[in-house]
1. For Cα pairs less than 8 Å apart in space and 6+ apart in sequence, what is the mean separation divided by the residue count of the stretch 268-351, i.e. the relative contact order in percent?
2. Cβ neighbours within 10 Å, averaged per peptide: list 251-264, 123-136 in order, most packed at the top.
3. For the Cα atoms of the chain, what angle does the longest principal axis make with the long axis of helix 80-92, in degrees from 0 to 90, nearest 10?
4. What relative contact order, as a whole-number percentage, does the stretch 2-135 give when Cα pairs under 8 Å and 6 or more residues apart are counted?
5. Quick one: grab the alpha carbon gyration tensor of the stretch 142-367, order the square roots of its eigenvalues as a ≥ b ≥ c, and give me rounded if a/c is under 1.5, else prolate or oblate depending on whether a/b is larger than b/c.
6. Suppose every Lys and Arg Cβ carries +1 and every Asp and Glu Cβ carries -1, with no other charges. What dipole size does the stretch 2-135 come out with about its Cα centre, to the nearest 20 debye?
7. Compute the separation of the alpha-carbon centres of the stretch 111-132 and the stretch 282-312 and state it in Å as a whole number.
8. Counting only protein heavy atoms and using a 1.4 Å probe, what share of the accessible area of the stretch 48-132 belongs to carbon plus sulfur, as a whole percent?
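The values are calculated or read from the model by the stated rules, or taken from the named source; none is laboratory data. Treat the numbers as computed from the prediction; the structure is a model and nothing was measured. Backbone-built Cβ (ideal geometry, glycine too); neighbour counts: all protein chains shown. For accessibility, only protein heavy atoms count, side chains too; no ligands or nucleic acids. Shrake-Rupley method; radii C 1.70, N 1.55, O 1.52, S 1.80 Å.
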Amino acid sequence: MNVGDRNYRTIWLKGGDEAVVQLIDQRQLPHRFVIEDISTVEQMCAAIRDMHVRGAGLIGAAAGYGMYLAALEAARAAVFDEHLTSAAAQLKATRPTAVNLAWAVQRQLDAIATANTTSEKIEVARSTAETIASEDAEHCRSIGQHGLELIQQIARRKGGKRVNVLTHCNAGWLAFVDHGSATAPIYAAHDSGLPIHVWVDETRPRNQGSKLTAWELNEHGVPHTVIADNTGGHLMQRGEVDLVIVGTDRTTYTGDVANKIGTYLKALAAKDNNVPFYVALPSSSFDWQMRDGLAEIPIEERGAEEVKHADGWADGRQVEVRVTPEASPAANYGFDVTPRRLVTGLITERGICKADEAEILAMFPEHAR
Ligand code: MRU
């Protein structure tokens, strides 16, 4: 997507030095646009864990490039395979909920295992990392085309009046390699000239909505309004939300959806108000092993300081302030699970299906057992 007049992905190999991965450091947005160089597995692990990069698709792509850096390091280590296995374990341990992470690491291990010499292994790791990134971008582009049809239907029903979409957190291009999942249909609708407006949940505690989604939509010129996290139900009761589209970090093959904390409450409000609630995801965000999302999906718990503090821009610099009494404990659950019964449909790169096992496996028959 464009930043100013330049087109960017969120992660790429550095031109002129392919031993370095470059990424947009999202901790600095929306205030500063900073590109970071990553040249070791340890740096990539820190970038994922400390959320320089975040969002399911981008975490997967970062892990793919991390394994390429691991192959470069392994070539200098005493035992290639041991170094690779240890790097894979380190990368997998960085964050627990987004399934794309383990999926990308395993895809790299399987690919590298097919090569014989060290230089072949490095080349396979490089091209697999690039393929994971490009597939992610292409799948998100297709999600945009399928989701566009939903928005067109609503626009027709409303006689051309603006379509209001509510989204939670950031499942935009910053959460993937390009286009985004939840935002891809929004960008496609806006680009095709449909009048569209987005309600952007701020998404405490890290404010991925008010910082990242708002920044993206602004850069692309999409009309939007940032709302406090508790506002969505009120807007739905007043008929001011036509459609909810969110992303997901892991969806079971039976249709249970893990996404940023607070998603479940939006799904409940949507159900009570007959507002369609869609989840947009590339197939890399399905967990083909897990049946029961509530019981099985690991929910990340992050540090209490993210809840106790907020950061922003003041006097030309990024500042952090405490917003709770110092002594008050805080809990920080990163994700929740929305049961399939609350989900109207899943928007995937192959089309739209119901959030149930039969329809998901009919769309992805290669995963049927
Ligand atoms: O903690 P994050 O920022 O990595 O969480 C991921 C998210 O941004 C959301 O849960 C998103 O809606 C799904 S990831 C495409």
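1. Dividing the mean separation by the residue count of the stretch 268-351 yields 44 percent.
2. Going from most to least packed, we get 251-264, 123-136.
3. Computed tilt is about 20 degrees.
4. 21 percent
5. oblate
6. My answer is approximately 440 debye.
7. 30 Å
8. In the stretch 48-132, the share of accessible area belonging to carbon and sulfur is 52 percent.
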